[in-house]
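The values are calculated or read from the model by the stated rules, or taken from the named source; none is laboratory data. Quick caveat: nothing in here was measured; it's all calculated off a predicted structure. Cβ: placed from backbone, ideal geometry, glycine included. Neighbour counts: every protein chain shown. Accessible surface is based on the protein model in full, side chains and every heavy atom, while ligands, DNA and RNA are left aside. Shrake-Rupley method; radii C 1.70, N 1.55, O 1.52, S 1.80 Å.
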Amino acid sequence: VWRQGGMRKQLKDDKSRTLYERLGGDLNLETAVEMLYNNTLQDSRVRSFFEKNQRKMQAIRKRMYQFMSGLFGGPILYDMANLKPSHYHMNVTDYHFDTMMENFWYACDLMEVDAETISDASDVLGKVRADVTAGCTVRLEVARKKSESAGTDGLFEALGGAQGISAFINKHFENIQADPRIMHFFTGAKLEGMKAPVETFMAALFGGPVQYSGRPLARIHTTMAMSDYEFDSFLDSVKMALRAVGGDSQTVDECVVLLETVRQEVLVNRKRHDVRKAMEAASTKTVFERVGGESGITTFVEAMYSKAMEDVRVKSFFEKN
C-alpha cells in the first residue's frame, strides 16, 4: 500500500511537520511497529523479550505504538513515567537497545521513509535509552562491584554452599528439560553426564572451593552454534532455578553478572542476523500469517467479541445464549 501510494514522495523531509506526520501518521506508524515486532521474533538477540502468548504480544504491540505516537509528536497515548519502571527488571542492555534501533531503522527503510526522517526519529528514540536500560545497568553494576570488592566467596555461601549448588543444578536441569527453546541441547544418553561438569563449573564461577578442569567453553560449544536467544533462555532457567531454591534478587543478579562474562565463549559460532533479509521475507507473508495464524485470529475475535459485549451500541447483536 505504501509503495503504490507513493509514500516516499509524501514523506519527503518537511521540518514544519512532526515526526509522527513525517513518518506517515497513524497507519504508517502502526505498520512500522508491526514489522518491527514481527522481526524481533526472528532476531535471536532480542527474541526472548518478545516471545509471549498471543494476548501478551498484542498488548506489547499496542504499548509500543502508543509510546512511539506520543514520542514522535502524535496523539499522547502512553504515560512516559511508566517507561523506566516497566523495563527495570527486564535486563535490557545497550546491546539489546541497539538491536531494537537497528530493527526500527530497517522497518522504516522498507516502508520507503526518507533517510533524514529515519535518522531524526532514531535520534529521538535514542533519548530514552537511559530509561530503558537503567534497571539492568544499575542492578548489574551493584552486583559487579560487590563481586569485585568482596569476591565471590560470599555468593557461594549465600547459595547454600555445595548442597545449595547441587539443589540449584537439579532444578535448573528440570527447567531445561521442560523448555522447548533449549531442551534439544540437553537430551540423550549423555544428559546425566552433563550435570557433574556443569555443577563444578557453576560452583567455581560462584566462588566455591573447587576448580573447573573440564574442556574450555569455546571448544565445547563450537559445534552447537547457540544463539543469543538460546543463551538468554538458559539464563531464564538459571534465574527461575535460583529463585526456586531460595535465592533473593541480589543473589540472582550476582549470578547473572558472572554468567554474562562467558556469553562470548559460549556463542563462539553465533550467526549474524540479517535484519533486512528477515524483514523482506516477512513482508511476503499473508495477513493471516502475519497476525499469528489461527491462534492469533482466535485471540483477536475473542477480544473483539468481549469489547462488543461492553458496547451498548452493538451489544444487542451479540448478547445470545
>> Pairs needed: first member in segment 293-321, within 14 Å of ASN53 (Cβ to Cβ) and among the aromatic types (Phe, Trp, Tyr); second member anywhere, in a helix (DSSP H, G or I) and open to solvent by 100 Å² or more (accessible area, probe 1.4 Å); C-beta distance under 9 Å; at least 6 residues apart or different chains.
In response: PHE300/GLN58
>> Being charged (D, E, K, R), within 22 Å of ARG270 (Cα to Cα) and open to solvent by 20 Å² or more (accessible area, probe 1.4 Å) narrows it down to one residue among ARG55, ARG129, ARG45, ARG63; which is it?
In response: ARG45
> When residues of segment 238-255 are filtered for being open to solvent by less than 10 Å² (accessible area, probe 1.4 Å) and either aliphatic (A, V, I, L, M) or over 16 Å from GLY164 (Cα atoms) (or both), how many remain?
Replying inline: 4
> How many residues does segment 178-193 contain that are closer than 20 Å to GLU230 by Cα, in a helix (DSSP H, G or I) and open to solvent by 50 Å² or more (accessible area, probe 1.4 Å)?
Replying inline: 2
>> I'm told PHE231 meets every condition in (1) crowded, with 18+ Cβ neighbours inside 10 Å; (2) hydrophobic (A, V, I, L, M, F, W, C); (3) out of contact with any Lys or Arg (no Cβ under 7 Å at 6 or more places or on another chain) except one. Can you identify the failing condition by its number?
In response: (3)
> Pairs, please: C-beta under 9 Å, at least 6 apart or cross-chain, first residue at positive phi and in segment 217-232, second open to solvent by less than 50 Å² (accessible area, probe 1.4 Å)?
Replying inline: ALA225/LEU267
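Look through segment 14-38, keep the residues that are of a type in the set (S, T, N, Q) and at pLDDT 90 or above, and return whichever of them is least open to solvent (accessible area, probe 1.4 Å). First the steps, then the outcome.
First, the residues of segment 14-38 that are of a type in the set (S, T, N, Q): 16, 18, 28, 31, 38.
Now narrow it down to the ones that are at pLDDT 90 or above: 18, 28, 31, 38.
Numbers: THR18: 51, ASN28: 9, THR31: 27, ASN38: 29 Å².
Checking each candidate, the answer is ASN28.
Residue-by-condition table, conditions (1) open to solvent by 20 Å² or more (accessible area, probe 1.4 Å); (2) at pLDDT 90 or above:
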position	(1), (2)
ALA134	no, yes
THR137	yes, no
GLU141	yes, no
LYS145	yes, no
SER149	yes, no
GLY160	yes, yes
ILE165	no, yes
PHE173	no, yes
ILE176	no, yes
> Can you find a residue in segment 76-95 that is hydrophobic (A, V, I, L, M, F, W, C), within 20 Å of SER227 (Cα to Cα) and exposed (fewer than 15 other Cβ atoms within 10 Å of the Cβ)?
Replying inline: yes
> Where in segment 69-145 are there helices (runs of 4 or more DSSP H), lying wholly inside it, with at least 3 residues that are among the polar types (S, T, N, Q)?
Replying inline: 115-126
> Taking SER237 and the conditions (1) more than 27 Å from ASP98 (Cβ to Cβ); (2) at pLDDT 90 or above, which numbered condition does it fall short on, given that it satisfies the others?
Replying inline: (1)
> Only one of (1) open to solvent by less than 70 Å² (accessible area, probe 1.4 Å); (2) of a type in the set (Val, Ile, Thr); (3) under 18 Å from the mean Cα position of the chain (by Cα) is not met by THR117, so which one is it?
Replying inline: (3)
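Determine, yes or no, whether GLU199 is assigned to a helix (DSSP H, G or I) and open to solvent by 70 Å² or more (accessible area, probe 1.4 Å). Reasoning before the result, please.
Values: assigned to a helix (DSSP H, G or I): yes; open to solvent by 70 Å² or more (accessible area, probe 1.4 Å): no.
Criteria not met by GLU199.
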